[in-house]
Amino acid sequence: MRSGAAVRACQKVCRCLLSGFGGRVDGGQPEPLMEGSSPFGVPLRSHAELPRGSEPTEAPESGEGSEELLEICQRRHFFSGSKRQLSRHSLMSGCHPGFGPLGIELRKNLAAEWWSSVVVFREQVFPVDALHHEPGPTLPGDSAFRLVSAETVREILQDKELSKEQLVAFLENLLKTSGKLRESLLHGALEHYVNCLDLVNKRLPYGLAQIGVCFHPVSDTKQTPDGVKRIGEKTEASLVWFSSARTAGQWLDFWLRHRLLWWRKFAVSPSNFSSSDCQDEEGRKGNQLYYNFPWGKEPIETLWNLGDRELLHMYPGNESQLHGRDGRKNVVPYVLSVNGNLDRGVLAYLYDSFQLTENSFTRKKNLHRKVLKLHPCLAPVKVALDVGRGPTVELRQVCQGLFNELLENGISVWPGYTETVQSSLEQLYSRYDEMSILFTVLITEATLENGLIHLRSRDTTMKEMMHISKVKDFLIKYISSAKNV
């Protein structure tokens, strides 16, 4: 008969399986379980151990402005879920209900800018892809969520013939042999190293880039019992750069400058993005890039010089296949990891862009205009089309024609003219400012007579008349100019 100790040993596993935080539990579907923790197999120093002056500052919970921003982000569908679900902890840990349509577009635009900057205009960088789960045995100290069948675990737990030792052995073996959810994109890129080496004729340096979802354990004692961890998700943008040991330090400095300037390029307040040195327990050096949120600095990107250990560990016994050419020498390259959190990047730019200004529509001083001044390249929607007074059917037909023309030229459009609920101009402009829409085009009866439309700017609130035939070229030029600044 199974001892009480064995039963107690099983209870924690059962809670993981049945609590609802471990994934699906229906017949035989893969389900994550979790063991110990550490990103590259080596724990990093905590912020408290960073050099003096480089640690993130911690401040009280977000103030009034932050609450207003989150309320806008929920109301305008940058985030899904209720206000209660959008706490600072949930947003930073990746345990919130997810992005809404505008948030998804914002992240997509941010990812596209990253891809253009790192991959498209660089001849030595190639795109790769990898599975969300990694097969293979568990390494000591590995903390990743394991993918196991709930039915298999149930069969083990319900076998009353097993002793405590046998039960533990079965569960340990199951965890060791099951696949795991990836915690970073590094492993997938390293798997492509040897094959992609031929693309550059074995010449160093070169890089492999990938954007994808990663998973990490999140402790939340309010939500989960007895240390059971929830699954946090994040969308990462990863560049793995292979260079000779001789030039690795110079390349780390190059990518640090490049990445910091890139984050600042799209910011209203560039100084809120900063960097500091960091180091892991093995003495490997790196840098972290931070955004200064209202409550303090939070990391949004990490750069590491990992040396040659990662490659040698992945390809044991045949060092020659790893050799790249550094001039006339054949060398095992050093690995530089440049890893950004796009979800936190989205949050950083939302905080950076949020402004409260005087409302030109009202004389009441206590009412402010709330606007998200996202960079033109990042704004989810570039232009809104709406109708003023005049024959509704004809005006909507004009809007539909302009809508199609703009979409065909890659300009995202909000079809405000399809709204059936009447709104004042003040309400329209307030809504579009909160959605961070760059321009509002108003089609009126005058448009039918002489082709003139009203164009209103989000950033200046100024309105001007423009011929409808020039709207497309104006917007293309405006966005292109912003991209090149």
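Only the coordinates and a few stated rules stand behind these numbers; no lab work does. Predicted model only: the values in this text are computed from it and were never measured. Neighbour counts are summed over all protein chains in view; Cβ atoms, including those assigned to glycine, are modelled from backbone coordinates with ideal geometry.
Sites listed here are GluC sites (Glu not before Pro) in region 416-485 whose DSSP assignment is loop and whose Cβ has at most 15 other Cβ atoms within 10 Å: E419.
Beta bridges from DSSP with both residues in region 381-484: antiparallel share about 55 percent, rounded to the nearest 5.
Taking only the C-alpha atoms of region 381-484, the Rg (one decimal) and the largest Cα-Cα distance, Dmax (whole number), read 12.8, 41 Å. For D198 and H467, the difference between the fully extended length at 0.36 nm per residue and the C-alpha to C-alpha distance is 91.4 nm. Mind giving me the FRET efficiency for K477 and T392? R0 is 35 Å, r the Cβ-Cβ distance, nearest 0.05 is fine. Computed FRET efficiency for K477 and T392 comes out at 0.65.
Please state the relative contact order of region 381-484 as a whole percent: Cα pairs under 8 Å, 6+ residues apart?
So the answer I get is 29 percent.
All C-alpha pair distances within region 420-471, sorted into 10 Å bins from zero, spread as 24, 50, 26, 0 percent across the bins.
Counted by Cβ distance under 13 Å from R458, the other residues give a net charge of +4, where Lys and Arg count +1 and Asp and Glu count -1. For GluC sites (Glu not before Pro), the sites in region 97-126 that DSSP calls loop and that have at most 16 other Cβ atoms within 10 Å are E123. Legend: calculated FRET efficiency, F121 to E161, from the Cβ-Cβ distance at R0 = 45 Å, rounded to 0.05, equals 0.10.
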